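The values are calculated or read from the model by the stated rules, or taken from the named source; none is laboratory data. Everything numeric in this text was worked out from a predicted model, so none of it was measured. Glycine also receives a Cβ, built like all others from the backbone with ideal geometry; neighbour counts cover every protein chain displayed.
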Amino acid sequence: MALIVQKFGGSSVKDAEQINNVAEIVTSAYRAGNRVVAVVSAQGDTTDELEAQGLAINPSPSKREMDMLLSAGEQISAALLAMAIEELGCPVVSLLGWQAGFETTSTHGEARIRRVRVERILKELDQRRIVVVTGFQGVDRYGDMTTLGRGGSDTSAVAIAAALKADLCQFYKDVDGVYTADPRKVPGARKLDFISYDEMLELATLGAQVLHNRAVEMAKKYNIRLEMLSSLTRTRGTIVKGERKMEEMLLSGVTKDDNTARISVIGVPDRPGMAFKIFSTLAAKGINVDVILQSIGRNGTKDISFTVPSPKMEEAVALIEEQRENWGVTDIISDEDVAKVSIVGAGMETHPGVAAEMFEALFSQNINIRMISTSEIKITVLLDKADGDRAVKAIHDKFFGDV
Ligand code: ADP
Ligand code: ASP
Ligand code: MG
């Protein structure tokens, strides 16, 4: 008998038919003798719709109230799925985040899980009940509802799997696995049988929203085996685990992130400590900086460019602007018309030609590269937003085109 956590995304619970289908999946795992926890997202586009409803009433509501509103979506799916499971004749109980023991920080809208107190879930499982838990939400130490950030129910599922030491955490999505590129945008994309945590983490962080990156981070930390599959096709999906087998692919995928902005700080005094000042100011406000480029100093000054997530651009510019005179910086330029395109693969370390081939693919499409950043398992380039899709296709064709 195994303990399985099954997570169902918004598209898998979008209507009654889908919910009944999910109930079949959950109950067949249960009837096979497993202990089953199902984690659900809000139905279809419910979270977007709730947000729009809130913003129509108040364009800048407090984050606490936004969390109260958004967390309602998951409550509906959890209750409906529990009812569908009852209808199939299995014992079941649905739990909200706080009932399931999700304790989080108080950062409304992007709360972090402190711990999951699983006593209640365990008690229910011991009674041989299926437990349905709302993803995406928790409670802070003041007893207030919090949410984990968009896409966060993947992280809820892994957190439960870790706390319960589950044997497997399955993700049912509208795609049947992790592909070499977003299969909706790149028709030739191929499904991977296996991918390592590190590669999945890079893919997720660099724009493949197929799994929330915090979920992958946690799975790696607690060594939770993940399986991505579809609630419709029931074919074999993709396994995310510690190591890849030697004979597997050199590269695992190409991704694009449009949600990025470039900031250039011009005329920074060329002396020690300036990069520290700029980046520590941003870090203190929780702004993540990614690709960084610093020019060679000339006439006593240099330029520092970097990328931040688009929604953080204005705040980042304002923070630097506040210190501009103090630091002796000449100018700050920002640009949202950029996209980050990356290639990810654990085999890259030992194959030095990958970067050159990637740049050749871009050159063949006459696409200009604005910034480059590399690590052992990824190469990222910053491009004009308008070139993004063409770039992904050209790079994908180059590396994955001919089987
Ligand atoms: P969920 O319904 O569980 O929240 P998401 O919508 O967040 O699922 O994630 C699934 C989507 O991720 C797919 O519809 C697909 O378009 C997209 N996606 C992006 N990159 C990839 C990739 N490399 N492999 C598979 N899917 C991808
Ligand atoms: N319902 C939330 C969202 O749409 C959480 C999730 O689905 O992962 O972002
Ligand atoms: Mg998602």
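What to note about this one:
- Residue count, the stretch 154-169 (criterion: within 11 Å of ligand 1 (Cβ to nearest atom) and out of contact with any His (no Cβ under 8 Å at 6 or more places or on another chain)): 1
- Checking THR107 against (1) under 24 Å from SER11 (Cα atoms); (2) in contact with a Lys or Arg (Cβ under 9 Å, 6 or more places away or on another chain), the condition it does not meet: (1)
- In the stretch 1-17, of all residues being in contact with a Ser or Thr (Cβ under 6 Å, 6 or more places away or on another chain) and assigned to a helix (DSSP H, G or I), the one that is surrounded by the most Cβ atoms within 10 Å (Cβ to Cβ) corresponds to VAL13.
- Within the set ARG262, ARG225, ARG214, ARG271, the sole residue that is within 16 Å of ligand 1 (Cβ to nearest atom), out of contact with any Pro (no Cβ under 9 Å at 6 or more places or on another chain) and among the charged types (D, E, K, R) turns out to be ARG214.
- Each residue in the stretch 170-211 was checked for being within 8 Å of ligand 1 (Cβ to nearest atom), within 14 Å of the chain's Cα centre (by Cα), surrounded by 19 or more Cβ atoms within 10 Å (Cβ to Cβ) and not charged (D, E, K, R), and 7 pass.
- The set of residues from the stretch 43-64 being away from ligand 1 (no atom under 16 Å from the Cβ) and either surrounded by 14 or more Cβ atoms within 10 Å (Cβ to Cβ) or of a type in the set (A, V, I, L, M, F, W, C) (or both) comprises ALA52, GLY54, LEU55, ALA56, ILE57, PRO61, LYS63, ARG64.
- Odd one out for ARG114 among (1) touching a helix residue (DSSP H, G or I) at 6+ places or on another chain (Cβ under 7 Å); (2) over 26 Å from ASN34 (Cα atoms); (3) more than 16 Å from ligand 2 (Cβ to nearest atom): (1)
- Screening the stretch 141-182 for residues that are among the β-branched types (Val, Ile, Thr) and part of a loop (DSSP other than H, G, I, E, B) and picking the one that is nearest to ligand 2 (Cβ to nearest atom) gives VAL175.
- Subset of the stretch 74-96 [in contact (Cβ under 8 Å) with a residue 60 or more places away in the chain, under 20 Å from GLY10 (Cα atoms) and of a type outside the set (Asp, Glu)]: SER77, LEU80, LEU81, ALA84, ILE85
- Meets criteria (of a type in the set (Val, Ile, Thr), over 21 Å from the mean Cα position of the chain (by Cα) and crowded, with 19+ Cβ neighbours inside 10 Å) for VAL40: no
- ARG141 without any contact (Cβ under 8 Å) to a residue 12 or more places away in the chain and either over 22 Å from GLN43 (Cβ atoms) or out of contact with any Asp or Glu (no Cβ under 9 Å at 6 or more places or on another chain) (or both): no
- Qualifying residue in the stretch 376-384 (condition: acidic (Asp, Glu) and at pLDDT below 95): yes
- Top-ranked residue in the stretch 71-127 [being under 12 Å from VAL40 (Cβ atoms) and not small (Gly, Ala, Ser); ranked as farthest from the chain's Cα centre (by Cα)]: ILE85
- Leading residue by the ranking (nearest to ALA161 (Cα to Cα)) among those in the stretch 7-57 that are polar (S, T, N, Q) and more than 15 Å from ligand 3 (Cβ to nearest atom): ASN34
- Only strands (runs of 3 or more DSSP E) whose full extent lies in the stretch 197-287 are considered here, and the ones with at least 3 residues that are under 30 Å from PHE399 (Cα atoms) and among the hydrophobic types (A, V, I, L, M, F, W, C) are 226-230.
- Of everything listed in (1) in contact (Cβ under 8 Å) with a residue 60 or more places away in the chain; (2) part of a loop (DSSP other than H, G, I, E, B); (3) closer than 30 Å to ILE395 by Cα; (4) within 16 Å of ligand 2 (Cβ to nearest atom), the single unmet condition for LYS185 is (4).
- Here the condition is being within 16 Å of ligand 3 (Cβ to nearest atom), among the small types (Gly, Ala, Ser) and free of Cβ contacts under 8 Å to residues at least 40 places away in the same chain; of ALA204, ALA219, it holds for ALA204 alone.
- Some residue of the stretch 331-344 being under 24 Å from THR260 (Cα atoms), under 28 Å from the mean Cα position of the chain (by Cα), modelled with pLDDT under 95 and surrounded by fewer than 16 Cβ atoms within 10 Å (Cβ to Cβ): no
To keep it simple, each residue is scored yes or no on (1) outside any loop (DSSP other than H, G, I, E, B); (2) in contact (Cβ under 8 Å) with a residue 40 or more places away in the chain; (3) closer than 16 Å to PRO187 by Cβ.
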position: GLU360; (1), (2), (3): yes, no, no
position: ASN368; (1), (2), (3): no, no, no
position: THR380; (1), (2), (3): yes, yes, no
position: LYS393; (1), (2), (3): yes, yes, yes
